[in-house]
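What follows is one structure encoded as structure tokens, with my remarks underneath.
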Amino acid sequence: MMWASLPRTNQTRELLVILVSLACHIGITVQQRDPINNFCRRWGHQTAVVDNKLYVDGGLVTWSPSSKLPKNYTNPYFIYHDLSQNASSGMPPPYATLNKNSSIPNVNGAILWPDDINKRIYLFGGEFYDDTPWQFALYSYDIIHDYWVNHGATGSPGISSLSYGAGLSISSRGEGYYYGGWMSNATDASWGSRPRKLTSYLLKYNMDSNSWTNTTDLDEVGRAEGVMVYIPAGDAGLLIYFGGIRDAGNGTWEGQPMEEIIIYDILSGKAYVQNATGHIPELRRRFCAGATWPDDQSSYNIYLYGGVGEAEGSMGFDDIYVLTIPTFTWIRMYPMDSNKTADFPHHSLSCNVVNKAQMLIHGGFFPLDDDCDSPEQWGLHNLDMGRDNSYNSSWAMYEPTKTHYVVPTDIISVVGGSAEGGGTKTAPADGFDHRDLRALMTRKASAASREPTRAIPGNDPGPKKGLSTEAVAGIAVGGTVLFIAVLLGAFCLIRRHRRRKMADESYQSVTQSYSYYHPTLCSNCSHQYPQSPPPVQSRPQTVPPHAGSHIEPK
């Protein structure tokens, strides 16, 4: 026993000291870590929208009040913003009432797959910061009953935890997709001292059967830190991937050219590459993006925001681009009066399209300053995708009732038509790079028919009934874990302190140990109808265009 060699009085004294220390530590932590009132900045988090709620999980945070040398913490909270209303600050208010106990991992660079049909949110992958990675498992949050489920390891070869890849879910099909990502000692405890590795896997998770498919090596090139979005074109939909970094061989990586667009046809399982033209964005990674389209689907418009350059130590971007499909043309939408980025570059942020008309951009790391990120608005910034406001501005306060997308003039000038659609340009200026793409772009994916696999309450479910067996089990597990955590608290504190000293220097892009620059501009109004021109900044270096072959040969 732990106390066998100590006299009883010493045992009691030691125990009291530890318990008092833990109580003080926990009290201070709770006071400093209120996810709403003490919010300062959040980045590397994961988000999902279900039933007019924006769910935010994990990532890294700094808390308010912030010191001159702000410290990064793993964010243990799972919160949501109510998208059906606005707070006085002009953004949807947050609530920290959701359950998440210590049996659920706190990670950054993961993905949330929302399932609108069965009212669940799946958590896949991610990195552990200042902690040993857990054994791989898939988790899901039950929205109806407010508890988490551990689905365990998949048992399928080639499926493991990944971080900072590109992912999305298609609820109508009950499928979650994940492409690329990092494997490292921050995702896998057994990785050891090996260098981190870029992967080329395209994973598909079937939510109804709890099964996986691994389409390995689409073109045998590992990629990470790009984005992938879904558009309802083709017979069953298309996955569009761009940006990020890719394996350059010899243990190095380079930027993925932003004009090289990868298209994956869900029905056939074939992948293609199409060259984009127009105002090509600079090479970047850890940006975010979201897609929308007019009702007639005459164009599919993918809005990109922010990110960091492909070179280590790059300061990043504060700009908006749109990739419009099927012309595959890049359009710069902000800033309008310069080829430089705007005043507040940041990366490792999230984008969520709400009702096709607005895109909420949340969080991110700001390398040039250490001010809190719009604390009165909890790090939320709203992009009006159609500029449908009295200012004709890309940035506007959130409007809960805005549900109709209008095509902005910037896009109309490229694709033709009007604000309601009717685009007349149906192909790239130089034609499609593969014959299949011409046919796929003329088709509209029919919505899949999927029924819930469990009872779903109506809009007015009434008072909750007794907890289900799974919920009771979850509470029991949580209570047991809490008891053990108290007993081992002192050990954990010492262990965590030692790990912090041994943090891997190869993860500077996560620990964010940049030198800070303190601008005189307002930190919480950077996205409210900006008027001033951006400062002159150095641009990230570029790399030669990729000379490899297309994924799907002609």
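Quick rundown of the values:
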{"quantity": "Highest average packing first - 280-287, 170-177, 317-324, 78-85, Cβ atoms within 10 Å", "calculated": "317-324, 280-287, 170-177, 78-85"}
{"quantity": "Net +/- balance of residues flanking residue 81 in space, Cβ distance below 13 Å, scoring K and R +1, D and E -1", "calculated": "-1"}
{"quantity": "Residue-count net charge about residue 445 - beta-carbon cut-off 11 Å; Lys, Arg +1, Asp, Glu -1", "calculated": "+1"}
{"quantity": "Gained length - residue 211 relative to residue 268, 0.36 nm times residue gap less alpha-carbon distance", "calculated": "18.6 nm"}
{"quantity": "Global form of the stretch 127-250, assessed from the alpha-carbon gyration tensor, a/c cut-off 1.5", "calculated": "oblate"}
{"quantity": "Inter-label distance, nm, simple model (7 Å from Cα along the C-beta direction), residue 446/residue 296", "calculated": "2.3 nm"}
{"quantity": "Packing rank of 330-340, 233-243, 367-377, where each peptide gets the mean count of other beta carbons within 10 Å, highest leading", "calculated": "233-243, 367-377, 330-340"}
{"quantity": "Simple spin-label estimate for residue 252 and residue 144 in nanometres, 7 Å along Cα-Cβ", "calculated": "5.5 nm"}
{"quantity": "Radius 12 Å from Cβ of residue 307, net charge of other residues (Lys, Arg +1; Asp, Glu -1)", "calculated": "-2"}
{"quantity": "R0 of 22 Å, Cβ-Cβ distance residue 413-residue 390: FRET efficiency to nearest 0.05", "calculated": "0.50"}
{"quantity": "Cα gyration tensor shape for the stretch 37-456, rounded if a/c is under 1.5, else prolate or oblate", "calculated": "rounded"}
{"quantity": "Cα gyration tensor category, rounded, prolate or oblate, for the stretch 219-321 with a/c compared to 1.5", "calculated": "oblate"}
{"quantity": "Spin-label pair residue 101/residue 277, simplified geometry with 7 Å Cα→Cβ offset, distance in nm", "calculated": "6.0 nm"}
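Taken together, the values in this text are just the output of simple stated rules run on the coordinates, not laboratory data. Remember, it's a predicted structure, so these values are computed and weren't measured experimentally. Heads up, the Cβs are rebuilt from the backbone with ideal geometry, glycines too, and the neighbour counts pull from every protein chain shown.
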